[in-house]
């Protein structure tokens, strides 16, 4: 580790080049992802426009019902995520308690905070 720190401090140009390359790699990846998201959004708008043009009366109702369903599903997903998070915290606490009990059973004479 000391050799690595010495190398970084003595070869600063190499570090600058590596940071520059990493920046450009992430820039181009995100640029491509942004373009892809924009294309998908435009296709979605085209499809919605087509269905609206074909049946304007039913398209409004279908869009409203679809948005309401999406909102309900999103709320359900968030609630499931919250309950899963809470259960995970409970399991972690139970695991900590079990480990503490096992340590007490295996080493009854050793104090908890005593470090060698």
Residue-averaged 222 nm ellipticity for the chain, from DSSP H runs of 4+ at -39500 (n - 2.57), nearest 500: -32500 deg cm²/dmol
Cα point-scatterer Debye curve for the range 40-84, base-10 log of I(q)/I(0) at q = 0.17, 0.18, 0.21, 0.27 Å⁻¹: -0.61, -0.65, -0.74, -0.91
Reduced Cα scattering model of the range 60-109, Debye log10 I(q)/I(0), q = 0.28, 0.29 Å⁻¹: -0.93, -0.95
Crossing angle, helix 12-54 versus the chain [Cα axis fit, 0-90 degrees, rounded to tens]: 30 degrees
Two-decimal Rg/Rh across the chain, once Rg and the Kirkwood Rh are taken from alpha-carbon atoms: 1.30
Percentage, to the nearest whole number, of Cα pairs in the range 1-54 over 18 Å apart: 62 percent
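No lab work stands behind these numbers, since they all come straight from the coordinates. What you see is a predicted model, and the numbers here were worked out from it, not measured in a lab.
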